[in-house]
Amino acid sequence: MTVVTENLIEPQPGDRQPAPGNLSLVQAFVNSRWDLEHDLRDQFRDSEALAGWLVERDLLPAGTAVSDADLRRARDARDGLQALMFANNGADLDPAVVEGLDRALSGPGPSVRLGADSPPDFVPWSPDLNGVLGLIGTIAAIAQLDCSWIRLKACRGEDCGWAFYDHSRNQAGSWCSMSVCGSRSKAKDYRRRQRSQTEARRPD
């Protein structure tokens with residue numbers, strides 16, 4: 001199941017290391033939408049853009065048709081995976097979003113290839129979005145089983161949600177980058193405390 005190539009791993013905020021191995025594909029899938037500066041950049045903006053993203057990563061053959069229904073499923077899968085990553089970072093989990101993820105992953109999944117002296121390999125059962133989503137779901141499931149999933153978090157910075165892999169020993173990372181979202185959060189907390197102190201000093 002070698003699906004990630006080095007040249008397709010996106011740079012990470014704060015020079016973080018990406019998620020290891022194929023889990024970086026799930027990370028990139030979620031990070032296909034970015035709105036930190038309120039200039040929404042969605043690499044799944046339409047079905048053609050989604051197809052291009054998948055072809056670029058050798059997940060679909062060039063020329064494969066991607067429908068509007070496929071686009072909705074891909075976005076539902078992305079939303080659900082991101083919700084699980086927010087939960088890894090202490091947020092409440094929205095069951096409805098996770099149900100949407102489960103529906104998106106309900107198509108035919110990958111098949112398994114076993115070898116005597118090699119690890120099992122998972123390959124898409126069909127060269128379409130069913131196969132792609134099945135493969136992404138399988139990678140996430142394996143990560144949950146080997147306990148690497150809990151380290152893949154969605155940044156809790158306001159308007160961020162960037163998926164980052166927490167490589168810290170105690171798994172205490174909260175922000176995609178301390179210099180960006182961490183600093184913004186601290187500044188916001190500081191302004192809130194200043195307002196509270198100002199209001200407390202006002203005469204009745």
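Only the coordinates and a few stated rules stand behind these numbers; no lab work does. Everything numeric in this text was worked out from a predicted model, so none of it was measured. Positions of Cβ are backbone-derived with ideal geometry, glycine not excepted, and every protein chain shown enters the neighbour counts.
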- Efficiency of FRET between Ala116 and His167 - r from beta-carbon atoms, R0 35 angstrom, step 0.05: 0.55
- Across 5 Å bins beginning at 0, the whole-percent shares of Cα-Cα pair distances in segment 69-156 come to 3, 15, 20, 22, 19, 12, 6, 2, 0
- With Asp102 itself left out, Lys, Arg at +1 and Asp, Glu at -1 over residues whose Cβ is under 15 Å from its Cβ give +1
- Message: I need the calculated FRET efficiency for the pair Leu93 and Asp159, taking r as the beta carbon distance and R₀ as 25 Å, to the nearest 0.05.
- Response: 0.80
- Query: log₁₀ I(q)/I(0) of segment 15-201 at q = 0.11 Å⁻¹, via Debye over equal Cα point scatterers, no solvent, to two decimals?
  - Reply: -0.54
- Given the alpha-carbon gyration tensor of segment 8-97, what are the semi-axes of its equivalent ellipsoid in whole angstrom, ordered largest first, with each equal to the square root of 5 times an eigenvalue? 22, 17, 13
